[in-house]
Amino acid sequence: MPATTAGASAWATERFGLALHETGVGGRWPVTDLVQPGLRRNPRRAHLLVSTVLGKHLPTDPARVRGAADALADQVAVVLGPDAATGAVVLGFAETATGLGHAVAARLGAACYLHSTRRHTAGVPVLGGFEEGHSHATSHLLQPTSPALFANDAALVLVDDEISTGATAVDAIRALHAIAPRGRYVVASLVDMCEAEHRAAVDAAAAELGVRIDHVALAVGRTELPDGLTERVTALDAPVLNPIADRRGAAMVVPVPWPADLPDGGRYGILREDGDAFAAATAVAAATVAPVLDEGRPVIVIGHEELMYLPLCIAEALAETGFAVRYQTTTRSPAYVHDDPGYPLRRGFEYCAPEPDLTARRYLYNAAWPDAGSTAAQLLLVVDTPADTSELRAPGGLLDVLTAAGHDVTVAVVPATDHHALTAARTHS
């Protein structure tokens, strides 16, 4: 079957033979409507499927992000049925699917949403964890306010942007099944690129555990990985990062209010009953930042790593008030940047981590308005308080590299959810 990679000029396909194929089985959307082939600087896995609907590497219309999540949730609801869907627990994988998982849970009206995390917070108990072998950062922690959020027999929906082998999902299922056994799991992804042997391994794991594991995806396909890809990518010259402009941009910080007893996302678990309060608090957050933005310029809302869903909701609220908006987030994953019209990662920023792991590097890609100058849009960076550090503003920090590239940046700082305060509030409610 010929490759269906979008565009004859797809650079990663022409240069390396990395291609995407439709399998004609399962999904309802073409694979190349949802992902583009890219490269990552990672000896474990050299290819990167760059999503066009996730809002991670590419600035994306928030309506398109929401629409894809809603479509995925609707597939989950069909598989589970309406009653099981609203009673389900939804787990999103850090860091890439934290926002996607939250949006799926919101569409389902699920009982609880939790995402795994790679943030190590002193004093916060860990319920369990699992590993992701191919990722740049492999360990996933689970830190709900109470094990009771999982101590039930409701269906568990695991959400990821991409399923390549199913191994991470199976590891998560094993870990969670040991904590709270249940009979039904659904693995939901934007794209499913598993091969036959991967599906057989998942089926074997389901049989071993005595459970049912269903898979749903918007698109189902296969990734063609040419021999020697990792070695060839490793041999490439270092990518050009952190562009410099003639004009340095301006930066300002805006504190954003957030209720102390309301989760700002799914790191510690958010319940269906929190939905109305979350929507109201989001509206206040958007109304706080809107007056300091230039109404005449487009805005790219940028989330910070796992903080994906709240920035998406702020982006949606700004769009409703008339702003031209795109949405994306920063990442821990080092990708290969190449300025070619047929390649999705055309600009890149590398900077020191603003949180305690200060030896690590962090990344932001593109951060440019489509079909406009690279600095035409203003940037709204949404972070929580653990990321609001001196390192964020220091030379080599994210604000420094963005303003050096000519970007005007507004930083919206949201008070981070306190695990202990949230636990106490739920205990006494």
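The values are calculated or read from the model by the stated rules, or taken from the named source; none is laboratory data. This structure is a prediction, so every number in the text was calculated from the model and none was measured. Note: ideal-geometry Cβ built from the backbone for every residue, glycine included; neighbour counts use all protein chains shown. Please note that ligands, DNA and RNA were not included when accessible areas were found on the heavy atoms of the full protein model with its side chains. Shrake-Rupley method; radii C 1.70, N 1.55, O 1.52, S 1.80 Å.
Just checking: which of the helices (runs of 4 or more DSSP H) contained wholly in region 25-136 hold 2 or more residues that are open to solvent by 40 Å² or more (accessible area, probe 1.4 Å)?
Values: elements: 31-34, 62-80, 82-86, 98-108.
Those helices (runs of 4 or more DSSP H) span 62-80, 82-86, 98-108.
Across region 153-184, which residue is nearest to Ala206 (Cα to Cα) among those that are touching a Cys at 6+ places or on another chain (Cβ under 9 Å) and part of a loop (DSSP other than H, G, I, E, B)? Step through it out loud before you land on a result.
Quick first cut of region 153-184, residues touching a Cys at 6+ places or on another chain (Cβ under 9 Å) only: 154, 163-166.
In the following step, the residues that additionally are part of a loop (DSSP other than H, G, I, E, B) were identified as 154, 164-166.
Numbers: Ala154: 17, Ser164: 18, Thr165: 15, Gly166: 12 Å.
The extreme case among them is Gly166.
Check region 361-375 and report whether any residue there is within 19 Å of Gly249 (Cβ to Cβ), surrounded by fewer than 16 Cβ atoms within 10 Å (Cβ to Cβ) and either touching a Cys at 6+ places or on another chain (Cβ under 8 Å) or modelled with pLDDT of 95 or more (or both).
Scanning region 361-375 turns up no residue that is within 19 Å of Gly249 (Cβ to Cβ), surrounded by fewer than 16 Cβ atoms within 10 Å (Cβ to Cβ) and either touching a Cys at 6+ places or on another chain (Cβ under 8 Å) or modelled with pLDDT of 95 or more (or both).
Give the number of residues within region 171-203 that are free of Cβ contacts under 8 Å to residues at least 12 places away in the same chain, of a type in the set (Gly, Ala, Ser) and open to solvent by 60 Å² or more (accessible area, probe 1.4 Å).
1
Working carefully through the options Arg248, Arg272, Arg232, Arg267, find the one that is basic (Lys, Arg) and touching a Cys at 6+ places or on another chain (Cβ under 9 Å).
On the way: Arg248 fails: touching a Cys at 6+ places or on another chain (Cβ under 9 Å); Arg232 fails: touching a Cys at 6+ places or on another chain (Cβ under 9 Å); Arg267 fails: touching a Cys at 6+ places or on another chain (Cβ under 9 Å).
Result of the check over Arg248, Arg272, Arg232, Arg267: Arg272.
Residue-by-condition table, conditions (1) in a helix (DSSP H, G or I); (2) modelled with pLDDT of 95 or more; (3) closer than 18 Å to Leu262 by Cβ:
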| site | (1), (2), (3) |
| --- | --- |
| Val284 | yes, yes, yes |
| Pro291 | yes, yes, no |
| Asp294 | no, yes, no |
| Val301 | no, yes, no |
| Cys313 | yes, yes, yes |
| Tyr327 | no, yes, no |
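Which condition does Thr282 not pass, out of (1) of a type outside the set (A, V, I, L, M, F, W, C); (2) within 19 Å of Val383 (Cβ to Cβ); (3) open to solvent by 20 Å² or more (accessible area, probe 1.4 Å), if it passes all the others?
Of the numbered conditions (1) of a type outside the set (A, V, I, L, M, F, W, C); (2) within 19 Å of Val383 (Cβ to Cβ); (3) open to solvent by 20 Å² or more (accessible area, probe 1.4 Å), the odd one out for Thr282 is (3).
What single numbered condition from (1) touching a Lys or Arg at 6+ places or on another chain (Cβ under 8 Å); (2) surrounded by fewer than 18 Cβ atoms within 10 Å (Cβ to Cβ); (3) of a type outside the set (Val, Ile, Thr); (4) free of Cβ contacts under 8 Å to residues at least 40 places away in the same chain fails to hold for Leu141?
Only one criterion in (1) touching a Lys or Arg at 6+ places or on another chain (Cβ under 8 Å); (2) surrounded by fewer than 18 Cβ atoms within 10 Å (Cβ to Cβ); (3) of a type outside the set (Val, Ile, Thr); (4) free of Cβ contacts under 8 Å to residues at least 40 places away in the same chain is unmet by Leu141, namely (2).
Could you tell me which residue of region 337-388 is nearest to Gly38 (Cα to Cα), considering only residues that are among the polar types (S, T, N, Q) and assigned to a loop (DSSP other than H, G, I, E, B)?
Quick first cut of region 337-388, residues among the polar types (S, T, N, Q) only: 359, 366, 374-375, 378, 385.
The next check asks that each one be assigned to a loop (DSSP other than H, G, I, E, B); those that pass are 359, 366, 374-375.
Details: Thr359: 26, Asn366: 13, Ser374: 20, Thr375: 23 Å.
Top of the filtered list is Asn366.
Restricting the search to region 294-321, which residues are closer than 18 Å to Pro255 by Cα and surrounded by fewer than 20 Cβ atoms within 10 Å (Cβ to Cβ)?
Asp294
Select from region 151-162 the residues that are closer than 10 Å to Ala188 by Cβ and open to solvent by less than 10 Å² (accessible area, probe 1.4 Å) and list them in ascending order.
Val157, Leu158, Val159
Within region 265-277, is even one residue more than 25 Å from the chain's Cα centre (by Cα) and either in a strand (DSSP E or B) or surrounded by 12 or more Cβ atoms within 10 Å (Cβ to Cβ) (or both)?
Step one: list which residues in region 265-277 are more than 25 Å from the chain's Cα centre (by Cα), which gives none.
The answer is no; no qualifying residue exists.
Residue by residue, here is whether (1) out of contact with any helix residue (DSSP H, G or I) (no Cβ under 7 Å at 6 or more places or on another chain); (2) aromatic (Phe, Trp, Tyr); (3) at pLDDT below 90 holds:
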residue	(1), (2), (3)
Ala175	yes, no, yes
Asp214	no, no, no
Val220	yes, no, no
Glu224	yes, no, no
Arg248	no, no, no
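Taking region 186-216, which residues are in a strand (DSSP E or B) and touching a Phe, Trp or Tyr at 6+ places or on another chain (Cβ under 9 Å)? Please lay out each step first, then the result.
Initially, region 186-216 is screened for residues in a strand (DSSP E or B), giving 186-192, 212-216.
Scanning region 186-216 gives Leu190, Val191, Arg212, Ile213, Asp214.
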